[in-house]
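Right, one structure below, let's go through it.
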Amino acid sequence: MKKIIIILSIVTVVIMGATSFNSCKPSEAVMARSGAQIWGETCIRCHNPADPASFSDTEWDVAAMHMQIRANLTADEIKKVTEFLQSAN
Amino acid sequence: MENFKKIAIGGFSLIMALSFSVNAQDTTSTFDRQAEQNNPSNIDMKPGKSKMMLRGYYHTGFENTTMGDESDNQFNFGNIAPILMYKQSDKLFFEAEFEGEFEDGEFHWTVEYADVSYILNDYMTVRAGKFILPFGTFMEKLHPAWINRLATRPLGFGHDGIAPSSDVGVELRGAFHTGSIKLNYQAYVVNGPRLKTGMDEPDEAGMLMFGMGAFGDNNNNKAFGGRLGVLPFTNSSLELGFSGMTAKVGDKETIYEDVRANLYALDLNYVKNLNFIKSVVDIKGQYNYSQVDDANYTVPDDTLGLYYDFNNVSTAYYAQVSIRPSMSGNNLLRKLELVGRYSVMETPEGSLWESNPTQTAIGLNYWIDWRTVLKFGYQTTDGGSGGHSEEGEESVESPTANMFYVHLAIGF
């Protein structure tokens with residue numbers, strides 16, 4: 001138990017330090033990532049990037065919410081990816 | 001009396017006439033509505049606020065296993081896992097996965113998870129129900145057959161594993177960027193694992209039982225845990241994660257009531273397109289550590305009331321590398337993937353379930369499309385199913401088990 005508390009404390013301090021250092025704002029490089037880029041780089045961390053034609057706009061809307069929660073995508077990331085998939089299907 | 005009869009008959013006739021009229025209108029309008037909805041040009045024109053989707057996966061295959069002098073080969077039904085996803089609004093989401101497989105000659109359905117999520121804000125989602133625990137990444141993100149690069153799980157996961165799978169409770173999760181670094185987190189409270197005391201299965205005394213949360217809590221102490229993931233690069237190619245869980249695991253009002261378990265996991269995930277070899281390289285790994293407080297367990301078949309104990313620490317880890325030339329000019333090469341995995345599990349010395357298996361697995365995958373894969377694999381496991389033949393005697397080690405398999409997995 002003590003170990004968990006110590007490790008979590010260290011992790012929390014690191015996060016808070018990094019957050020305050022960067023003012024908790026995404027960098028310009030992060031903001032500049034397109035939906036296609038996020039789709040190609042993020043989906044592949046677990047599975048092959050989905051073919052946009054696999055689902056309808058409505059289905060992508062549902063699948064995107066599932067992935068936002070399951071894969072811990074930020075609101076900005078999932079918005080861009082969903083727009084890309086719905087435009088490319 | 002006569003007037004009453006006339007009024008009654010008249011009223012009944014009027015009600016019947018109105019009823020037929022209303023039904024006729026309803027039939028017509030229902031027919032029109034269905035015709036309108038079935039018109040292909042109207043599909044997706046005006047989607048409702050609530051949306052539902054049925055997805056899932058299935059896998060099946062052929063396996064040939066040899067252990068010592070014994071050999072066995074069979075077609076394997078595998079399992080089917082339909083997933084229901086329901087988006088009620090931009091904030092509210094429900095999902096459930098049902099897993100069906102044959103076990104002991106009968107087909108069983110189980111609920112892998114069923115949970116409701118509510119998006120509180122851009123950085124925070126709360127969910128409740130039965131969910132897969134974020135203990136590392138394998139169980140939560142990588143175990144589905146169409147995602148897992150091999151047809152088997154690494155040592156330490158699944159039945160008799162040391163890593164938790166799913167449980168019932170409440171979880172808070174989210175992700176955010178700070179500069180170029182992305183952080184994600186999960187924190188949860190669940191019913192928690194249970195300690196096997198050896199009363200039902202003497203050979204498994206001291207082992208933890210996971211996934212029992214749906215059946216209730218065996219004590220009033222809840223398990224607390226969470227995971228923190230760090231993606232240091234803008235392109236999300238690398239993720240490092242730390243997970244932990246702590247809980248009292250013994251049944252209440254027994255001598256095991258205060259026995260506590262502490263579990264940790266470290267995970268790594270690196271996936272990158274390497275242009276110079278025109279391939280995607282995928283490296284994954286997870287280290288699991290489980291420590292349960294010392295406790296006395298009854299010696300099996302003993303009539304004198306003798307007890308034994310042991311240092312109840314278990315570890316397991318795996319490392320996996322796969323490479324797929326997905327940028328090759330050759331169409332066949334683009335669909336092929338080579339994968340190798342090494343995993344080790346070490347259970348407590350002195351326990352009746354002591355074993356130190358190591359497993360090496362290699363595979364060649366043919367991707368029919370992005371979510372359908374044909375897997376050819378071979379794995380060899382040494383030192384499995386150990387333990388003591390009897391109290392105090394030397395441990396018994398199983399012979400090497402080898403398996404060749406061909407599996408087909410489809411995500412739908």
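The values are calculated or read from the model by the stated rules, or taken from the named source; none is laboratory data. Keep in mind the model is a prediction, meaning the values are calculated, not measured. Virtual Cβ from ideal backbone geometry, glycine too; neighbours counted across all protein chains shown.
What to note about this one:
- Among the criteria (1) surrounded by fewer than 19 Cβ atoms within 10 Å (Cβ to Cβ); (2) among the aliphatic types (A, V, I, L, M); (3) not in a loop (DSSP other than H, G, I, E, B), the one B:Ala316 does not fulfil is (1).
- When B:Ile83 is tested against (1) assigned to a loop (DSSP other than H, G, I, E, B); (2) surrounded by 16 or more Cβ atoms within 10 Å (Cβ to Cβ), exactly one condition is not met: (1).
- Evaluation of A:Ile38 against (1) within 27 Å of B:Met139 (Cβ to Cβ); (2) part of a loop (DSSP other than H, G, I, E, B) (one fails), failing number: (2)
- Of all residues making up region B:119-144, the number that are without any contact (Cβ under 8 Å) to a residue 24 or more places away in the chain and either of a type in the set (Gly, Ala, Ser) or over 16 Å from B:Asn184 (Cα atoms) (or both): 1
- Tally of residues being surrounded by fewer than 16 Cβ atoms within 10 Å (Cβ to Cβ) and either more than 7 Å from every other protein chain (Cβ to nearest Cβ) or touching a Cys at 6+ places or on another chain (Cβ under 7 Å) (or both) across region A:53-76: 1
- Some residue of region B:212-223 being touching a strand residue (DSSP E or B) at 6+ places or on another chain (Cβ under 7 Å), part of a strand (DSSP E or B) and surrounded by fewer than 18 Cβ atoms within 10 Å (Cβ to Cβ): no
- Of the strands (runs of 3 or more DSSP E) lying entirely inside region B:89-188, those containing at least 2 residues that are within 13 Å of chain A (Cβ to nearest Cβ) and of a type in the set (Gly, Ala, Ser) are B:124-132, B:166-178.
- Considering region B:262-277, the residues that are under 23 Å from the mean Cα position of the chain (by Cα) and facing another protein chain (nearest Cβ under 10 Å) include one that is surrounded by the fewest Cβ atoms within 10 Å (Cβ to Cβ), namely B:Tyr270.
- Any hit, region B:55-74, residues being among the aliphatic types (A, V, I, L, M) and within 14 Å of chain A (Cβ to nearest Cβ): no
- Tally of residues being more than 25 Å from the chain's Cα centre (by Cα) and buried (at least 17 other Cβ atoms within 10 Å of the Cβ) across region B:278-307: 5
- B:Phe157, sole failed condition from (1) within 12 Å of the chain's Cα centre (by Cα); (2) modelled with pLDDT under 95; (3) aromatic (Phe, Trp, Tyr); (4) surrounded by fewer than 19 Cβ atoms within 10 Å (Cβ to Cβ): (4)
- The residues of region B:283-336 that are under 17 Å from B:Leu195 (Cβ atoms) and either in contact with a Cys (Cβ under 9 Å, 6 or more places away or on another chain) or without any contact (Cβ under 8 Å) to a residue 12 or more places away in the chain (or both) amount to a single one, B:Tyr307.
- The listed residue being closer than 26 Å to B:Asp294 by Cα, in contact with a helix residue (DSSP H, G or I) (Cβ under 8 Å, 6 or more places away or on another chain) and modelled with pLDDT of 95 or more, out of B:Val190, B:Val168: B:Val190
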